[in-house]
Amino acid sequence: MKYLDITLPASDDKSYSLRDFNGHKVVLYFYPKDNTSGCTLEAKDFTQLQQEYLDKGYKIIGVSRDSVKSHKNFITKQELNLLLLSDQDEELVKAFDVLKEKSMYGRKYMGIVRSTFVLDEQGGIVKEYRNVKAKGHAETLLNEL
């Protein structure tokens with residue numbers, strides 16, 4: 001599980017690898033971009049339900065290719081209470097195979113496909129959700145855990 005050793009800077013000015021969360025269950029969600037409508041909706045839903053996730057023993061971690069500065073602005077602007085990791089070098093997004101070719105207005109580009117992974121206490125993937133729709137995802141996932 002090579003992905004456990006990838007260390008990324010976070011919105012709290014620290015750096016983390018997924019190995020740092022061993023002993024905890026983790027909801028690791030990948031999203032395309034800070035302060036966009038779908039990503040804001042998903043992040044607000046996770047923030048609103050965070051205590052219920054914690055009560056079930058899960059830490060929530062968000063990942064995008066945005067900078068730490070962008071993450072901090074996103075958290076402040078949207079009143080989020082989440083740990084967001086900055087993967088500007090695309091290490092973790094590639095390790096989880098969530099970086100795919102997308103198309104918008106006929107233009108092709110590489111982007112993150114909204115995806116969520118549930119990790120056990122050793123960092124193993126228990127469940128994965130790909131091509132997630134932002135609306136209602138956090139609540140649906142919580143009910144499945």
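Within segment 1-53, restricting attention to residues that are within 15 Å of residue 119 (Cβ to Cβ) and loosely packed, with under 13 Cβ neighbours inside 10 Å, the residue that is modelled with the lowest pLDDT is 1. Taking the conditions exactly as written (in contact with a strand residue (DSSP E or B) (Cβ under 8 Å, 6 or more places away or on another chain) and at positive phi), does residue 90 satisfy them or not? It is true that residue 90 is in contact with a strand residue (DSSP E or B) (Cβ under 8 Å, 6 or more places away or on another chain) and at positive phi. Evaluation of residue 70 against the conditions (1) in contact with a strand residue (DSSP E or B) (Cβ under 7 Å, 6 or more places away or on another chain); (2) crowded, with 18+ Cβ neighbours inside 10 Å; (3) among the hydroxyl-bearing types (Ser, Thr, Tyr) shows that the sole unmet condition is (1).
With respect to residue 101, determine if the residue is surrounded by 13 or more Cβ atoms within 10 Å (Cβ to Cβ) and either closer than 17 Å to residue 66 by Cα or free of Cβ contacts under 8 Å to residues at least 12 places away in the same chain (or both). So residue 101 fails the test. Here residue 138 fits the description: surrounded by 20 or more Cβ atoms within 10 Å (Cβ to Cβ), under 24 Å from residue 4 (Cα atoms) and modelled with pLDDT of 95 or more.
Selection of first residues in segment 28-50 that are more than 14 Å from residue 64 (Cβ to Cβ) and of second residues that are among the polar types (S, T, N, Q), restricted to Cβ pairs under 9 Å at least 6 apart or on distinct chains, gives the following pairs, ordered by first then second residue: 44/78; 47/78; 47/81; 50/81.
The residue that is most open to solvent (accessible area, probe 1.4 Å), among those in segment 104-135 that are of a type in the set (Gly, Ala, Ser) and on the phi > 0 side of the Ramachandran plot, is 106.
Quick check, is residue 67 of a type in the set (Gly, Ala, Ser), without any contact (Cβ under 8 Å) to a residue 12 or more places away in the chain and over 19 Å from residue 143 (Cα atoms)?
Here the answer is no, as residue 67 does not meet what is asked.
The values are calculated or read from the model by the stated rules, or taken from the named source; none is laboratory data. Source: prediction; values computed, not measured. Note that each Cβ is placed from the backbone with ideal geometry, even for glycine, and that neighbours are counted across all protein chains shown. SASA here: full protein model, heavy atoms, side chains in, ligands and nucleic acids out. Shrake-Rupley method; radii C 1.70, N 1.55, O 1.52, S 1.80 Å.
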